[in-house]
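S.K.: Got a structure for you, written out below as structure tokens; questions coming shortly.
The values are calculated or read from the model by the stated rules, or taken from the named source; none is laboratory data. This structure is a prediction, so every number in the text was calculated from the model and none was measured. Note that each Cβ is placed from the backbone with ideal geometry, even for glycine, and that neighbours are counted across all protein chains shown.
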Amino acid sequence: MIDINCDYVICYILTVFFFDKKLICILCEYLKVLMFIINWSYLILIMLIVSCAKGSSTYSTVDSESYSYYLPQSLFPFELKIANVFTTTEQTQLNSMMNEWEIASKVNFFTSATEIENLSFTNIIDYYNLDELNNGVYLNQNQMENISGDVLAICQLIVRLDFADSFKYYRIIHADIIFNGFDYNFNDGGGGGGYDLQTIFLHELGHVLGLLDSDYGIMTGYISSYEVKRSVDPETTNLIKAKYDGERNPIKIMNNKIQDRLYRVLFFYRADKKIESFFEKI
């Protein structure tokens with residue numbers, strides 16, 4: 001807090017300006033009021049800074065579209081292990097959604113998934129920090145930190161910024177798909193208080209392949225109950241073909257310059273009409 005001794009102010013005014021005593025007293029009172037206002041202004045400013053530093057209850061939307069995301073060809077076919085909490089029927093259904101991307105693109109992106117133990121971390125980054133070697137599909141049954149209740153599922157990518165000639169892109173090196181089993185139920189066909197498991201998984205696989213959320217087709221960033229999409233739409237089919245078959249596809253360029261710096265990308269699949277992603281250095 002700012003503290004000004006009024007006596008010094010008065011002496012300064014007497015010395016420099018030779019004002020009369022009555023005027024000096026009036027000025028001194030005005031100065032006291034001014035200092036009171038300034039002190040409270042500083043206090044309010046500090047409170048605002050502290051409040052902002054704590055952040056909100058959800059991740060902030062950060063522009064993650066500066067460069068493209070690619071799953072490197074060296075990882076084809078990519079293995080996403082499915083948690084054992086999903087039934088045998090559900091695992092078969094999830095595998096069929098992987099096949100849908102291959103039907104659309106004519107590229108063998110994924111291998112048949114093997115089973116993995118289910119994990120339910122409260123902090124999403126722990127799916128990478130504590131299980132880096134496995135790319136997994138999980139049903140999180142705990143309340144997740146900083147994740148709002150309208151998030152149905154999350155795709156977490158760990159990426160590295162690479163350079164192919166003058167083209168910059170993010171190379172995907174790890175992927176997890178986490179269903180929010182704490183707030184939602186997932187079933188075959190949606191409805192009845194649940195959401196269609198296969199539709200959500202097909203969408204999340206698009207992120208694993210480097211596609212961003214859009215406002216059309218399977219990559220629409222939100223879904224309603226009873227909504228079922230179990231095939232890749234024509235627009236997205238053209239997009240994925242161009243992405244991995246194009247002449248400037250960076251995964252086909254040999255003189256890549258791989259950087260050591262890693263980043264994390266989160267894509268949120270929501271139950272409301274809101275598209276959101278999160279991007280940070282790790």
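S.K.: Considering only residues that are among the small types (G, A, S) and under 18 Å from the mean Cα position of the chain (by Cα), which ones fall in the stretch 163-212?
M.R.: Here is the first cut: in the stretch 163-212, the residues among the small types (G, A, S) are 164, 166, 175, 181, 189-194, 206, 210.
Answer for the stretch 163-212, where residues must be among the small types (G, A, S) and under 18 Å from the mean Cα position of the chain (by Cα): A175, G206, G210.
S.K.: Among the residues of the stretch 191-202, which ones are without any contact (Cβ under 8 Å) to a residue 60 or more places away in the chain and crowded, with 17+ Cβ neighbours inside 10 Å?
M.R.: Taking the stretch 191-202 as the starting set, the residues that turn out to be without any contact (Cβ under 8 Å) to a residue 60 or more places away in the chain are 191-194, 196, 199.
Passing the criteria: D196, T199.
S.K.: Which residues, taken from the stretch 203-218, are crowded, with 19+ Cβ neighbours inside 10 Å and either touching an Asp or Glu at 6+ places or on another chain (Cβ under 6 Å) or modelled with pLDDT under 90 (or both)?
M.R.: Answer for the stretch 203-218, where residues must be crowded, with 19+ Cβ neighbours inside 10 Å and either touching an Asp or Glu at 6+ places or on another chain (Cβ under 6 Å) or modelled with pLDDT under 90 (or both): just I218.
S.K.: Considering only residues that are free of Cβ contacts under 8 Å to residues at least 12 places away in the same chain and in contact with a strand residue (DSSP E or B) (Cβ under 6 Å, 6 or more places away or on another chain), look in the stretch 166-190 and name the one that is farthest from D126 (Cα to Cα). Full working, then the answer.
M.R.: To start, the set of residues in the stretch 166-190 that are free of Cβ contacts under 8 Å to residues at least 12 places away in the same chain comprises 166, 185, 187.
Among the residues that remain, those that are also in contact with a strand residue (DSSP E or B) (Cβ under 6 Å, 6 or more places away or on another chain) are: 185, 187.
Numbers: N185: 23, N187: 26 Å.
If we take residues in the stretch 166-190 being free of Cβ contacts under 8 Å to residues at least 12 places away in the same chain and in contact with a strand residue (DSSP E or B) (Cβ under 6 Å, 6 or more places away or on another chain), then N187 is farthest from D126 (Cα to Cα).
S.K.: Taking the residues in the stretch 250-282 that are among the polar types (S, T, N, Q) and in a strand (DSSP E or B) as candidates, determine which candidate is modelled with the lowest pLDDT.
M.R.: In the first step, residues of the stretch 250-282 are kept if they are among the polar types (S, T, N, Q); the result is 255-256, 259, 277.
Then keep just the ones that are in a strand (DSSP E or B); that gives 256, 259, 277.
Details: N256: 59, Q259: 67, S277: 79.
If we take residues in the stretch 250-282 being among the polar types (S, T, N, Q) and in a strand (DSSP E or B), then N256 is modelled with the lowest pLDDT.
S.K.: Could you look through the stretch 132-143, keep only residues that are of a type outside the set (F, W, Y) and closer than 10 Å to G181 by Cα, and pick out the one that is surrounded by the most Cβ atoms within 10 Å (Cβ to Cβ)? It would help to see each step written out before you state the result.
M.R.: Step one: list which residues in the stretch 132-143 are of a type outside the set (F, W, Y), which gives 132-137, 139-143.
Keeping just the survivors that are closer than 10 Å to G181 by Cα gives 139-143.
Numbers: L139: 21, N140: 24, Q141: 13, N142: 13, Q143: 12.
In this case the residue turns out to be N140.
S.K.: So which residues in the stretch 213-247 are under 21 Å from the mean Cα position of the chain (by Cα), part of a loop (DSSP other than H, G, I, E, B) and in contact (Cβ under 8 Å) with a residue 24 or more places away in the chain?
M.R.: Quick first cut of the stretch 213-247, residues under 21 Å from the mean Cα position of the chain (by Cα) only: 213-224.
Going one step further and asking which of them are part of a loop (DSSP other than H, G, I, E, B), we end up with 213, 215-216, 221, 223-224.
Hits for the stretch 213-247 are D213, D215, G221, I223, S224.
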